[in-house]
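The values are calculated or read from the model by the stated rules, or taken from the named source; none is laboratory data. Just so it is clear, the model here is predicted, and its values are computed rather than measured. Cβ: placed from backbone, ideal geometry, glycine included. Neighbour counts: every protein chain shown.
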Amino acid sequence: MRAARRRVIRPGNIRCIAVITAMLLASLSFRAQPHKRAEALSAVDSLVQRMRGSTGCARTRILIDTEDANAFLIASEWSDHDAAEAFFTSREFQIFRGVRILMRDEPLIVLDDVRSRITRLLRN
């Protein structure tokens, strides 16, 4: 991930740092079968560890839906499309696809090409 330009804006008590970047945000969503939730989480944890060690992966998080404890989202940030594609076609990811039996439905991957991000620090 490379920052092209940075500027600080101070409207009132909110400090904004706008960093112009190019990255790919990959969102992998799925629902685990309720009686297989622990096994699914174990598989997801293993996937996330491999993902974090992959070239081009800047950050990975596992999110759990507050309304459905069996619905998960793995959000990962990649330096570029090629790095993400290399991981999602790799043997490491194919292992995760092999645990399909633990899922309620097919996992879905959404790739978003992000050109800029604004980070705000809220102060009192």
TODO: Taking the residues in the stretch 44-58 that are surrounded by 12 or more Cβ atoms within 10 Å (Cβ to Cβ) and among the charged types (D, E, K, R) as candidates, determine which candidate is modelled with the lowest pLDDT.
DONE: 50
- [ ] Filter the stretch 47-71 for residues that are farther than 13 Å from residue 26 by Cβ and assigned to a loop (DSSP other than H, G, I, E, B) and give the result.
- [x] 53, 55, 65, 66, 67, 68, 69, 70
- [ ] Could you please give the count of residues in the stretch 72-105 that are without any contact (Cβ under 8 Å) to a residue 40 or more places away in the chain and either on the phi > 0 side of the Ramachandran plot or in a loop (DSSP other than H, G, I, E, B) (or both)?
- [x] 3
Open item on the list: Suppose we filter 58, 86 for residues that are out of contact with any helix residue (DSSP H, G or I) (no Cβ under 9 Å at 6 or more places or on another chain), within 20 Å of residue 98 (Cβ to Cβ) and of a type in the set (A, V, I, L, M); which single one remains?
Closed with: 86
- [ ] Determine which member of the set 37, 31, 97, 61 is surrounded by 14 or more Cβ atoms within 10 Å (Cβ to Cβ) and under 17 Å from the mean Cα position of the chain (by Cα).
- [x] 31
